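In what follows, a single structure is set out as structure tokens and then discussed.
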Amino acid sequence: MEPVLKVEGLRKYFPVKSLLRTIGWVKAVDGVSFEIYPGETFGLVGESGCGKTTTGRTILRLIEPTEGKIVFNGKDVTQLKGREMLWFRRHAQIMFQDPYSSLDPRQTVFNIIMEPVKFHGIEVDDPEEFVIRLLESVGLNEMHLYRYPHEFSGGQRQRIALAKVLALQPDFVVLDEPTSALDVSVQANILNTLKDLQKKHGFSYLFISHDLGVVKYMSHRMGVMYLGKLVEVGPAERIFDNPLHPYTQMLLSAIPIPDPELARKKKRMEVKGEPPSPINPPSGCRFHPRCPFAKAGLCDKEEPPLVEVEKDHYVACWLYGKA
Amino acid sequence: MPEPIIEIKNLRVYFYTYAGVVKAIEDVSFNIYRGETLALVGETGCGKSVTSRALTQLIESPGRIVSGQVLYHRDDGSTVDLLKLNDEEIREIRGNEIAYIFQDPHSSLDPLYTVGYQIGEAMEVHGKVKNIKEGIGRAVNILREVLIPDPENRVRNYPHELSGGMKQRVVIGIGIANNPRLLIADEPTTALDVTVQAQILELINELKRKYNATVLLITHNLGVVAETAQRVVVMYAGKVAEIGSIDQIFHNPLHPYTVALLRAVPNPLKKIEKLESIPGTVPNLITPPKGCRFHPRCPFAEERCRKEVPELKEIEPGHWVACHRY
Amino acid sequence: MSEKVEELEAREEYEMTILDRVSDRIIDAFASFINIFKKDWRRRNQSKIKEWKLMAYAMNRSPPALLGLFIVIIYIILGIFGPYMAPWSYDFFPVNYNFSTQLAPPGSTYFLNVTTIENGYIVHYTTNIHYLLGSDVYGRDVVSILLAGARTAFVLDIFIILIGPTIGIILGLISGYYGGKVDETIMRITDMFLAFPGLILAIALSAVLPTRIQNFLNAHTWAQTLMLKLFALHARDVNNLGKLLAVFVALVIVWWPGYARVSRGSTLTEKENLYVEAARAVGLPTRTILFRHILPNIIGPILVMITMDFGGVILTEAGLSFLGLGAVPPIPDWGNLINQGSQYFPQAWWLVAFPGIVIVTVVLGWNLLGDGLRDVLDPRTRRSLEFKLKKKSKGGESSA
């Protein structure tokens, strides 16, 4: 099957400026490659500053990539211009983390949803009917049509944002921590809606989150990011059952489990240090200063490649490949 | 028989806002036992933070503690009602016998002073050291306690020179500087990454064991509760819904809200087919629902729930629930 | 199902005063008016209409703002109809017919033996002139000059505020949104303008510009006609327009940099909001993002600033006329009247006092209105009012 989205060697460096001079680069995303297939959710997890959000935005060219290829439905997005870029804008959408700032406070729900539809010239017989139908599909109703965002709760706003995404009938949606600003009970609601919509319309999602539980619930396949690099990619179930990369193992042992019995039985791994700054990342494997298995002379010198250890399960670690 | 260090009785805190009286906490009673870690759990706006602040009268206008008692049993056997103390007396207890750790380490440190100064100051205020200079000297030991590497040099650092995790360690350092009997940690790890969160929770546990302190942990993260607490108080819309040990709460939840909450959290170690969500939204506390405050969202609600406020009843030893079904 | 409950709660009732009912009527009438042209407009904008009504309620509860609004409405009416309400034309010089009308005190009446040329015939007639507020050096009635001067002030005011802030806001939006080199360039130019004290720059410009403007006017008849109509002046005053318009151009140039600064600042914070990025993700062009999304969100404080500046322009313009720049007699102008009076002060105190009172009142009116608008446009203060207005019976206990 052809992937909807194929990212190859994506890099995004931000300049660090001091008095108009560039004194260094923040390597926010440094050589990331993955594919997303139709109807699939690809989860991207990592701690703050690992570059997962930048990856999501660079893929949509909200931030121009420094290097790399982004192939969307067979076309290289980095080369698109004019009409073709509009085509891309229509078929690839994003939903943001903060429901309080992602909707224009001066527009009614109707306008918020219809503006992109009109802009892309999508023919709609009865705009009102069309928007009501969309609102109903995300659990709102016609009473909300001509209201302003400030009249809604956080969860309801995320639903409006979702309806706006749906209106363009995209193939692919970047979900940038869509529930991390919400309470758990509301979160469950939104996650279920997202899943249902995926089943119905066959969307592909890039699901970005720092919450491993949520990523496991949502994703078919997932990638773990550390300091701008993917350290492990594979089917979500497999990664949770059998994490290969020491960082993934550390993450899994660090997440609190909402079950006292399992929590007591869980095998623990000592968590060392904090993520270093992406301005001057460690040489070699970026995880080596925190890694309990780091081998001097290898891990701190050479960068491990992403290798397929078992079927569809890739790891970038010298424990699993030869130099 | 565990002895309580704090007994909260019928605590009521109202906020007098322009929109009306927000009944943030209504008739909340529970005990904190000596040496335990008690978790206060609930969603945004359920009153868990307000409860913790009300313990030492840290409620600012337009909020007011309307009624209730907070009995504090000192180590020497004497008992005081914290809500009856005047400003001077309560300040002596706050930060000394009862210390706080707040959520955001970035804003709870003053950027203009070194971390050593801030720890020293906390001790000097309560007369634990003669002057700030001595306090800064003692701060080195405290930084070592909270596992900050190279404390001799770190003591002279300003907050912006430290990472988020390190800052939270300093905040904890300020909290334990006076060897408190009760440590109130209000969402201490919410602003932190998972790996750092694990380290901070580990540290709090460690310190608690070492000083034989009591910890009141306020959080919305059920995972954190399961891993650190011994007992749990579940709050909903300003009232206590359920109290029990972690095993009772997680394996035999009685209140429909607790049940729903547990089913809404994805467990990364289990296979989850479908998360269950709670219909509706958290009620407005200006005009809360009559009767049981959870009834508009409760699948088992009956006529009685709409009229009568359920009492907190002990169903099995140590397991209390406020629901008409029991 | 709990959504239903919310819906019910949303339909609040308010305690109304007569003023509230009046403002409701006006807003409803306006909505119906738009509804004629745009189908369904009223229904689609019910939230907006409700918000307008709330704004009006907030306004109705602030006596200073109402006073300001009242003064401003009078000012606008006089600004439009003033010249036609004046008992005497601004270029009728009684001093030519009766020398003692020069600097006549308030309340005096004089007899005039007038000789004029009308339609090519010499006409003689006699009349009485009553000076309610005194006369100026030309024996002109101060009441008439004040009324006619309202037009001059009003036209300058409106056009300076229409053009200056618009330029400033557009530059500010562009500067704030694009950042980088564009921002640097625009802001450095703005700084250059701000570095000069506004009044001094305006003085310099009004000294340099008149001849050029006069030459332009002489070359273009349509511009002449337009200006004469706008200021309600007679054709023979064409040669005096240069100086008047010089003030206008000078003030426009002085007036934009402040707005560029303010709107750039607001744009910088506003563009960090995710809805801007969401608009980009949809593919909307920058123009749309700037004017449809960012501008409406930053316009509140700018509107307040504009309101206050309506007063500011009058004050500055009067100041310039006082210094002898800008309008020259016979063009009716408040500042110019004071300028004349300053030479005969305190004997002819009325030449300073009455225009002074008028200027102060109008400026105060705009400032009071601006202050009121600040509260009305701020959603927080408006919300607090919204709750105060709620009928006591509805919410149970109300705030203490």
May I ask you to list the residues in region A:141-162 that are aliphatic (A, V, I, L, M) and out of contact with any Asp or Glu (no Cβ under 9 Å at 6 or more places or on another chain)? A:160, A:161, A:162
Answer yes if at least one residue in region A:109-118 is within 8 Å of another protein chain (Cβ to nearest Cβ), over 22 Å from residue A:174 (Cβ atoms) and loosely packed, with under 15 Cβ neighbours inside 10 Å, and no otherwise. no
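Being in contact (Cβ under 8 Å) with a residue 12 or more places away in the chain and either over 23 Å from residue A:258 (Cβ atoms) or touching an Asp or Glu at 6+ places or on another chain (Cβ under 7 Å) (or both): is that true of residue B:293 here?
So residue B:293 passes the test.
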I'd like the full set of residues that are of a type in the set (Gly, Ala, Ser) and crowded, with 23+ Cβ neighbours inside 10 Å, limited to region C:219-274. C:246, C:250, C:260, C:263
What number goes with the only condition from (1) at pLDDT 90 or above; (2) of a type in the set (S, T, N, Q); (3) within 23 Å of residue A:279 (Cα to Cα) that residue A:93 does not pass? (3)
Assuming residue C:98 fulfils every condition listed in (1) more than 25 Å from residue C:335 (Cα to Cα); (2) of a type outside the set (Val, Ile, Thr); (3) in contact with a helix residue (DSSP H, G or I) (Cβ under 6 Å, 6 or more places away or on another chain) apart from one, which condition is it? (3)
Count of residues meeting criterion [closer than 13 Å to residue C:332 by Cα and of a type outside the set (Lys, Arg)] in region C:140-188: 15
Part of a helix (DSSP H, G or I) and either touching a Lys or Arg at 6+ places or on another chain (Cβ under 8 Å) or within 14 Å of another protein chain (Cβ to nearest Cβ) (or both) - does that describe any residue in region C:59-77? no
Which numbered condition residue A:103 misses (of (1) part of a loop (DSSP other than H, G, I, E, B); (2) among the aliphatic types (A, V, I, L, M); (3) under 15 Å from residue A:170 (Cβ atoms)): (3)
Evaluate the following for residue B:139: is it part of a helix (DSSP H, G or I), in contact (Cβ under 8 Å) with a residue 12 or more places away in the chain, among the hydrophobic types (A, V, I, L, M, F, W, C) and within 25 Å of residue A:272 (Cβ to Cβ)? yes
Going by what's in this entry, would residue B:219 be described as at pLDDT 90 or above and either within 14 Å of chain A (Cβ to nearest Cβ) or in contact with a Gly (Cβ under 6 Å, 6 or more places away or on another chain) (or both)? yes
Count of region A:121-148 residues which are within 11 Å of chain C (Cβ to nearest Cβ) and within 25 Å of the chain's Cα centre (by Cα): 1
Okay, strands (runs of 3 or more DSSP E) sitting entirely in region B:1-96 with 1 or more residues that are surrounded by 16 or more Cβ atoms within 10 Å (Cβ to Cβ) and within 14 Å of chain C (Cβ to nearest Cβ), I get B:4-17, B:20-33, B:63-73
If we keep only residues of region B:277-304 that are farther than 22 Å from residue B:12 by Cβ and among the hydrophobic types (A, V, I, L, M, F, W, C), then the residue surrounded by the most Cβ atoms within 10 Å (Cβ to Cβ) is B:278
Somewhere in region A:209-221, is a residue more than 9 Å from chain B (Cβ to nearest Cβ), surrounded by fewer than 22 Cβ atoms within 10 Å (Cβ to Cβ), farther than 27 Å from residue B:236 by Cβ and of a type outside the set (Lys, Arg)? yes
For region C:87-107, state whether one or more residues are under 27 Å from residue C:291 (Cα atoms) and either in the same structural domain as residue C:240 (by TED's automatic domain parsing) or in a helix (DSSP H, G or I) (or both). no
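Answer yes or no as to whether residue B:108 is more than 22 Å from residue B:206 (Cα to Cα), small (Gly, Ala, Ser) and in contact (Cβ under 8 Å) with a residue 60 or more places away in the chain.
Yes: the conditions hold for residue B:108.
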Taking the stated definitions as given, is residue C:162 surrounded by 24 or more Cβ atoms within 10 Å (Cβ to Cβ) and either more than 16 Å from residue C:354 (Cα to Cα) or in the same structural domain as residue C:106 (by TED's automatic domain parsing) (or both)? no
Would you point out which residue out of A:170, A:178 is more than 13 Å from chain B (Cβ to nearest Cβ), part of a loop (DSSP other than H, G, I, E, B) and buried (at least 22 other Cβ atoms within 10 Å of the Cβ)? A:178
For region C:271-302, how many residues meet the condition of being within 20 Å of residue A:94 (Cα to Cα), free of Cβ contacts under 8 Å to residues at least 40 places away in the same chain and part of a helix (DSSP H, G or I)? 11
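Hey, among the residues in region A:2-31 that are out of contact with any strand residue (DSSP E or B) (no Cβ under 8 Å at 6 or more places or on another chain) and among the hydrophobic types (A, V, I, L, M, F, W, C), which one's nearest to residue A:71 (Cα to Cα)?
A:20
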Identify, please: which residue in region B:91-127 is more than 24 Å from the chain's Cα centre (by Cα) and among the hydroxyl-bearing types (Ser, Thr, Tyr) and is, among those, nearest to residue B:71 (Cα to Cα)? B:117
Return yes or no: is residue C:257 more than 8 Å from chain A (Cβ to nearest Cβ), without any contact (Cβ under 8 Å) to a residue 60 or more places away in the chain and either touching a helix residue (DSSP H, G or I) at 6+ places or on another chain (Cβ under 9 Å) or not aromatic (Phe, Trp, Tyr) (or both)? no
Can you tell me which residue within region A:253-280, out of those that are more than 7 Å from chain B (Cβ to nearest Cβ) and at pLDDT 85 or above, is nearest to residue B:244 (Cα to Cα)? A:261
Quick check on residue A:97: is it crowded, with 16+ Cβ neighbours inside 10 Å, in a loop (DSSP other than H, G, I, E, B), within 10 Å of another protein chain (Cβ to nearest Cβ) and touching a strand residue (DSSP E or B) at 6+ places or on another chain (Cβ under 8 Å)? yes
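Please work out if residue A:162 is in contact with a Phe, Trp or Tyr (Cβ under 8 Å, 6 or more places away or on another chain), of a type outside the set (Ser, Thr, Tyr) and farther than 21 Å from residue B:222 by Cβ.
no
For the subset of region B:178-187 comprising residues that are under 19 Å from residue B:210 (Cα atoms) and in contact (Cβ under 8 Å) with a residue 60 or more places away in the chain, which member is surrounded by the fewest Cβ atoms within 10 Å (Cβ to Cβ)? Walk me through how you get there before you give the answer.
We begin by selecting, within region B:178-187, every residue under 19 Å from residue B:210 (Cα atoms); these are B:178-185.
If we keep only those that are in contact (Cβ under 8 Å) with a residue 60 or more places away in the chain too, we end up with B:178, B:180-185.
Details: B:178: 18, B:180: 21, B:181: 22, B:182: 21, B:183: 23, B:184: 28, B:185: 27.
Per the stated criteria, the residue is B:178.
The values are calculated or read from the model by the stated rules, or taken from the named source; none is laboratory data. Note that this is a predicted model, so its numbers are computed, not measured. All Cβ positions, even for glycine, are placed from backbone atoms using ideal geometry, and neighbour counts span all protein chains on display.
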